[in-house]
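K.L.:
After the structure tokens below, expect a handful of questions from me.
The values are calculated or read from the model by the stated rules, or taken from the named source; none is laboratory data. Note that this is a predicted model, so its numbers are computed, not measured. Positions of Cβ are backbone-derived with ideal geometry, glycine not excepted, and every protein chain shown enters the neighbour counts. Surface accessibility is based on the protein's heavy atoms, side chains included, excluding ligands, DNA and RNA. Shrake-Rupley method; radii C 1.70, N 1.55, O 1.52, S 1.80 Å.
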Amino acid sequence: MTEIAVRVGVAEDYDAISAVFGTAMMFEPSADDELGKRLFEPERALVATDGEHIVGTTKALTRDLSVPGAVVPAAHVTGVGVRATHRRRGVMSALIGRQLREIPEAIAVLWASEPGIYGRFGYGAAAWGTSYEVDLHRVGPPVVRTRPGELSELTVDEACKELPTLLRQLQERRPGVSGRSELEWQKHLEDKKDDRGGRTARQILVHRDETGAIDGYALWRGKMNWEPTGPAYDVRVEELVAPEPTAYKALWSYLLTLDLAATLGYGYAAVDEPVQQLVTTPTALNRRVSESLWLRVTDVARALEQRRYAAAVDLVIEVTDELIPANAGRYRLTADGTTAVCTPTDDPADLTIPVRELGAAYLGGRRLAEFAATGRVVEHTAGALDTATTAFSWPVQPASIEVF
Ligand SMILES: CC(C)(COP(=O)(O)OP(=O)(O)OC[C@H]1O[C@@H](n2cnc3c(N)ncnc32)[C@H](O)[C@@H]1OP(=O)(O)O)[C@@H](O)C(=O)NCCC(=O)NCCS
């Protein structure tokens, strides 16, 4: 093996990057991925090369993310893969280390294939995701009678125009939700037959309020299945966004009561997903919780200033960060609920927070007190931990509703 070098990507790398990532993740990259190519940002990709060959990759997408009280730029890291022939020789570490030091946004986010990978780079699991495998015969669904025309379906072109407003409304309410550009919406709603896994085409179901305006939508597919005992169809919900309660209830009622269906899967429920309140038997949702969005603070002062806090706070926080030394140090955070100021200081620390735990707590879903219990967060001034825990928390749990 020659020496591994790391360089910034160029447009011509697209196919080689897809091939390396596809091999690492064991899937066949699509031969006709026009939208993926148009979304590729070569200058935000890093590749590791062994001689002529690309053997490792990482990419970042320029997108925004809802955080407590704001929607802010966040590097969306994706496509991390190393050829199995070159594993465990530090290729990923070289790629991720350089990427994090060069990211211009104050935070980076990703979905991890395995939870053991990214903590070492200062990423913290900032949002728990809940998957449902619903037993429709047991769950006791809400039964909502809708007016004629209240529920209907859209084409992809109509959806690309109508749905972005609803996603933005969700971002205003719930942290952890990624924004989508027009092109990202087209990619998100692309529905190639080869990618359906034997299921129906994607159904784009919308709910309309009394004026006819769309106030909620669900993306879902079905699959026919007959058992000796009768029909046991399967419903897969890919996304459901309905900030208004009437729309939310009507959409879930429709999906949980479809004829012939016995099971329903949904992979992106929030920990506090309201549908749990609407069914008679929440245990029949068969909930499984796992890490969803990982967050890395790449610029402490900017990151802490750009979110809002649930309570007033005036504390000196010492941040430790081995990978980005410029981040390490003491910061005074002063916030009153509507504004936040964070500046470096020489004053003694009230609290020490490693950058990984700062990332985990950043979206308001993980409590700093949780990390003090294992000694990862350390309190130096009595009361500082409780004040910071309350201030960093948020009324609505974060949830990431798509794997990017
Ligand atoms: C995960 C992957 C990118 C790691 O690449 P790599 O070049 O082998 O990683 P490195 O050699 O830089 O490893 C750095 C450290 O991470 C650890 N590590 C690597 N992969 C890990 C995993 N899957 N789980 C836990 N730890 C892991 C290594 O053991 C090493 O630890 P050490 O420094 O204590 O020895 C690579 O194995 C891969 O492509 N896997 C399949 C695709 C995938 O899962 N990609 C991630 C998508 S989110």
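K.L.:
All but one of (1) touching a Phe, Trp or Tyr at 6+ places or on another chain (Cβ under 9 Å); (2) within 13 Å of the ligand (Cβ to nearest atom); (3) of a type in the set (A, V, I, L, M) hold for Val67, so report the exception by its number.
P.N.:
Just one mismatch for Val67, condition (2).
K.L.:
So, one more: Any idea how many residues of region 108-140 are in a strand (DSSP E or B) and either within 14 Å of the ligand (Cβ to nearest atom) or of a type in the set (D, E, K, R) (or both)?
P.N.:
Summing the residues that are in a strand (DSSP E or B) and either within 14 Å of the ligand (Cβ to nearest atom) or of a type in the set (D, E, K, R) (or both) in region 108-140 gives 7.
K.L.:
Let me ask you something else. Between a residue in region 141-156 that is of a type in the set (Asp, Glu) and any residue that is open to solvent by less than 100 Å² (accessible area, probe 1.4 Å), which pairs come within a Cβ distance under 7 Å, given they are 6 or more apart or on different chains?
P.N.:
Glu150/His207; Glu150/Arg208; Glu150/Ala250; Glu153/Gln203; Glu153/Ile204; Glu153/Leu205
K.L.:
Further question: Here are the criteria: (1) over 20 Å from Gly176 (Cβ atoms); (2) at pLDDT 95 or above. Tell me which single one Thr389 does not satisfy.
P.N.:
(1)
K.L.:
A follow-up question, please. Just to be sure, is Ser93 surrounded by fewer than 16 Cβ atoms within 10 Å (Cβ to Cβ) and either modelled with pLDDT of 95 or more or within 9 Å of the ligand (Cβ to nearest atom) (or both)?
P.N.:
Yes, satisfied.
K.L.:
All but one of (1) among the aliphatic types (A, V, I, L, M); (2) open to solvent by 10 Å² or more (accessible area, probe 1.4 Å); (3) part of a helix (DSSP H, G or I) hold for Val144; which doesn't?
P.N.:
(3)
K.L.:
Is it true that Glu105 is open to solvent by 10 Å² or more (accessible area, probe 1.4 Å), in contact with a Pro (Cβ under 6 Å, 6 or more places away or on another chain) and assigned to a loop (DSSP other than H, G, I, E, B)?
P.N.:
yes
K.L.:
Which of the residues spanning region 194-214 are under 24 Å from the mean Cα position of the chain (by Cα) and closer than 17 Å to Arg145 by Cα?
P.N.:
Across region 194-214, the qualifying residues are Leu205, Val206.
K.L.:
All but one of (1) more than 23 Å from Pro274 (Cβ to Cβ); (2) polar (S, T, N, Q); (3) within 25 Å of the chain's Cα centre (by Cα) hold for Ser131; which doesn't?
P.N.:
Result: Ser131 passes all but (1).
K.L.:
Report, by residue number, each residue of region 340-369 that is in a strand (DSSP E or B) and among the hydroxyl-bearing types (Ser, Thr, Tyr).
P.N.:
Thr343, Thr352
K.L.:
Another question, then. Filter region 71-90 down to the residues that are assigned to a strand (DSSP E or B) and near the ligand (Cβ under 7 Å from one of its atoms), then identify the one that is least open to solvent (accessible area, probe 1.4 Å).
P.N.:
Only one residue tops the list, namely Gly81.
K.L.:
Same structure again: Scan region 344-364 for residues that are acidic (Asp, Glu) and open to solvent by 10 Å² or more (accessible area, probe 1.4 Å) and jot them down.
P.N.:
Asp346, Asp347, Asp350
K.L.:
A further question on this structure: Can you go through Ala5, Ala48 and tell me which one is touching a residue at least 40 places away in the same chain (Cβ under 8 Å), within 25 Å of Ile107 (Cβ to Cβ) and not in a loop (DSSP other than H, G, I, E, B)?
P.N.:
That would be Ala48, the only listed residue that is touching a residue at least 40 places away in the same chain (Cβ under 8 Å), within 25 Å of Ile107 (Cβ to Cβ) and not in a loop (DSSP other than H, G, I, E, B).
K.L.:
What tally of residues in region 13-34 results from selecting those that are aromatic (Phe, Trp, Tyr) and either more than 14 Å from the ligand (Cβ to nearest atom) or touching a Cys at 6+ places or on another chain (Cβ under 6 Å) (or both)?
P.N.:
1
K.L.:
Can you say whether Ala388 is in contact with a Ser or Thr (Cβ under 9 Å, 6 or more places away or on another chain) and either in contact (Cβ under 8 Å) with a residue 24 or more places away in the chain or open to solvent by less than 70 Å² (accessible area, probe 1.4 Å) (or both), as far as the supplied structure shows?
P.N.:
No; evaluated as a whole, the condition is false for this residue.
K.L.:
Also: Suppose we filter Asp299, Asp194 for residues that are open to solvent by 40 Å² or more (accessible area, probe 1.4 Å) and touching a strand residue (DSSP E or B) at 6+ places or on another chain (Cβ under 9 Å); which single one remains?
P.N.:
Asp299
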